[in-house]
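Heads up, the thing below is written out as structure tokens.
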Amino acid sequence: MSTTVQTLGMLEGYYCDRCGAHAFYMTALHREGELFWCAHHYKQYATALEPVTEYTADESHRLHAGITDDKHVN
């Protein structure tokens, strides 16, 4: 089972590995590596990622507050 942690500013300057939009989620994988996700793609893949995820950094609160550094946010 993976853990989700709220972070503050950790993901500024990172972009979704799937589409290039601002990243609001980062999943650290059990074996090694990290994947960065926009809100749209994280929601799309969250269930499938669960078995291979050590933890997820969640900065979606920045999306709801309108805090982004990107023109296109998913």
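Overview of results
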read-out	value
Flag if VAL5 is surrounded by 14 or more Cβ atoms within 10 Å (Cβ to Cβ) and either at pLDDT below 90 or more than 12 Å from the chain's Cα centre (by Cα) (or both)	no
Cross-chain or 6+ apart pairs with Cβ under 6 Å, region 11-38 first and more than 17 Å from GLU54 (Cβ to Cβ) and in contact (Cβ under 8 Å) with a residue 40 or more places away in the chain, then part of a loop (DSSP other than H, G, I, E, B) and among the hydrophobic types (A, V, I, L, M, F, W, C)	TYR15/ALA23; CYS16/ALA23; CYS16/CYS38; ALA21/CYS38; ALA21/VAL73; HIS22/VAL73
Complete set of residues in region 29-48 that are surrounded by fewer than 16 Cβ atoms within 10 Å (Cβ to Cβ), more than 23 Å from ALA65 (Cβ to Cβ) and of a type outside the set (Lys, Arg)	LEU29, HIS30, GLU32, GLY33, GLU34, TYR45, THR47, ALA48
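Rundown of residues vs (1) of a type in the set (Lys, Arg); (2) at pLDDT 95 or above; (3) touching a Phe, Trp or Tyr at 6+ places or on another chain (Cβ under 9 Å), yes/no style:
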residue	(1), (2), (3)
ARG18	yes, yes, yes
HIS30	no, no, no
HIS64	no, no, no
THR68	no, no, yes
LYS71	yes, no, no
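The values are calculated or read from the model by the stated rules, or taken from the named source; none is laboratory data. Note that the coordinates shown come from a computational prediction; the quantities given were computed from them, not determined experimentally. Reconstructed Cβ throughout: ideal geometry from the backbone, glycine too, with neighbour counts over all protein chains shown.
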